[in-house]
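Scroll down for the structure; my scribbles are underneath it.
The values are calculated or read from the model by the stated rules, or taken from the named source; none is laboratory data. Note that this is a predicted model, so its numbers are computed, not measured. Note that each Cβ is placed from the backbone with ideal geometry, even for glycine, and that neighbours are counted across all protein chains shown. The accessibility values were calculated without ligands, DNA or RNA, using every heavy atom of the protein model including side chains. Shrake-Rupley method; radii C 1.70, N 1.55, O 1.52, S 1.80 Å.
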Amino acid sequence: MSQLQPVRGTHDLLPDEMRRYRHVVDTTRAAAECYGYLEVGTPIFEFSEVFKRTLGDTSDIVTKEMYTFTDRGGETITLRPEGTASVARAFISGGLAQHVPLKYFYSGPMFRYERPQKGRMRQFHQTGVELLGVADPLGDVEIIAVGVEVLRRIGIWDRCYLEVNSLGDTESRKAYRDVLVSYLSGYKEKLSKESLERLERNPMRILDSKDEGDKEIVANAPVYSEHLNQASLDFFSRVLEGLEAIGIPHAINPRLVRGLDYYCHTCFEIMSDELGAQRTVMGGGRYDGLVGIMGGPETPGVGWASGVERCMMLLKEEPAVRRPIALVPIGDEAEREALILANTIRRAGLPADLGYSGNMGKRMKRANKINARVAVILGETELAKNVAALRDLDSGEQREVPLDSLIESLAHYQ
Ligand code: ATP
Ligand code: MG
């Protein structure tokens, strides 16, 4: 029987949940389009190298979360754990560098072998935007603005807050790295095994450790913002000025770092306290080195990814549904007529429901069950007069309407 269960960490989207899912994704797409971000789709699997090279050998994703397999042709393939690397790969393989700036939106399933818990799955979904070819801090401001607008339109921004930080440029990173390593080296005995491994290769990642012991050590670590060079500080103030200009509330969190190696300058997260332990709804930042690391032409980039399931968890109201029109024929002749009528109603673009059998009582029950707005009742008397009885299922009122103007009458209920 276990074969008939969904795989651990995966989830079916049945209609009610699919409606919420679509509300989140469709709203995100529409908001992104307002800012000029065009939808792209990349394959859900790539050569493993695409992720290995870009996410870094020490990232959580590469070290323990990737779904990797060898296909029948002997290629090493990975189900995508995130979208940015794929978009950058598409940018390079499509030779798109000459067309920058480019603005892309994507959405779809992502795969990570994680310990499943509330808000954390093995197949989950993300939406994301990427702005390629813009080095100016205005790009960072725009990216954050799209993110906030997305959450506002979805209806959850009032329960979220934005934190920003700067990871500086290459020079600042180098300087801070040395300071950090010398601080952390004093705690070699206490650091988790994982962090100890990162101490040499990627010490900045230790700031992002989820280990409680590490967190205590990190709490007193030197703060990055005190080690930023002037160019990085200037860049960051222009981002902050931009956010203020368009009235986006934000807090600076000097401890905020992103899990992935390729970020520089701006990084940000949008969180909600209503989500429990997995608080982050959206995370993003600037990744100027990424396209170059992948072997493409040096191209600055900035973007974010948002967890669709986490957005769904924050939804308070059910998305609006179009309520159907229920056809309720009584008798053989009326059933034949209802078949034709249902077709006509649907062709006019209105949702119609016609059951396959049952007397009037059973059919009215079904009309209520599917939350129909109105019932079109067709009996012998109605047919003889070329009319239908329209019953408003909210008020219970019933009136007769001529069959040849039925569509017009029904349109009022939409
Ligand atoms: P965390 O620190 O929670 O592991 P992350 O840094 O791995 O997050 P990102 O790679 O930045 O997360 O992904 C962006 C967003 O995608 C997250 O903020 C979250 O909303 C969502 N997300 C990431 N991993 C999962 C998952 N396993 N299940 C559900 N949503 C996820
Ligand atoms: Mg993670």
With x for Gly and Pro, the residue-by-residue ³J(HN,Hα) of region 370-387, computed from phi through the Karplus equation 6.51 cos²θ - 1.76 cosθ + 1.60 at θ = phi - 60° and given in whole Hz, is 8, 6, 5, 7, 8, 10, 9, 9, 10, x, 4, 4, 4, 4, 4, 9, 6, 10
GNM top mover of Glu318, Glu212, Glu65 - the chain, alpha-carbon springs below 10 Å: Glu212
Expressed as a whole percentage, what fraction of the accessible surface of region 325-411 belongs to carbon and sulfur atoms when a 1.4 Å probe is rolled over the protein heavy atoms? 48 percent
Give the relative contact order (percent, whole number) for region 325-411; include only Cα pairs under 8 Å separated by 6+ residues. 30 percent
By per-residue mean of other Cβ atoms within 10 Å, what is the highest-first order of 294-304, 366-376? 294-304, 366-376
Would you mind checking region 233-268 for residues with the amide N under 13 Å from a putative spin-label position 7 Å along Cα→C-beta of Tyr183? 254-257
Cα-centre dipole for region 189-307 with unit charges at Cβ (Lys and Arg positive, Asp and Glu negative), debye to 20: 140 debye
Total charge dipole magnitude, the chain, about the Cα centre, Cβ charges on Lys, Arg, Asp, Glu only, Debye to nearest 20: 960 debye
Relative to the Cα centre, what is the charge dipole magnitude of region 325-411, using +1 at the beta carbon of each Lys and Arg, -1 at the beta carbon of each Asp and Glu, and rounding to the nearest 20 debye? 420 debye
Quick one: compute the contact order of region 147-286, relative version, from alpha carbon pairs under 8 angstrom and 6+ residues apart, as a percent. 37 percent
Residue-ordered couplings for region 145-152, obtained by feeding phi - 60° into the Karplus form 6.51 cos²θ - 1.76 cosθ + 1.60 and rounding to whole Hz (Gly and Pro as x), are 4, 4, x, 5, 5, 4, 5, 5
Whole-percent carbon and sulfur contribution to the accessible surface of region 73-219 (1.4 Å, no ligands, DNA or RNA) stands at 50 percent
In nm, the gap between the two label points placed 7 Å beyond Cα toward Cβ at Lys215 and Ala384 is 7.7 nm
Contour excess over end-to-end distance, with Cα ends at Glu197 and Val223 and 0.36 nm allotted per residue: 7.2 nm
Quick one: among Asp234, Asp332, Asp136, which has the greatest mean-square fluctuation in a GNM of the chain with alpha-carbon springs under 10 angstrom? Asp332
Run the helix sum for the chain: -39,500 (n - 2.57) per DSSP H stretch of 4+ residues, divided by residue count, reported at 222 nm to the nearest 500 deg cm²/dmol. -11500 deg cm²/dmol
Choose one of Gly128, Ser107, Met18: the residue whose Cα lies farthest towards the positive end of the charge dipole of the chain (beta-carbon charges +1 Lys, Arg; -1 Asp, Glu; about the Cα centre). Met18
Return one whole number: the accessible area per residue of the chain in Å², for a 1.4 Å probe. 50 Å²
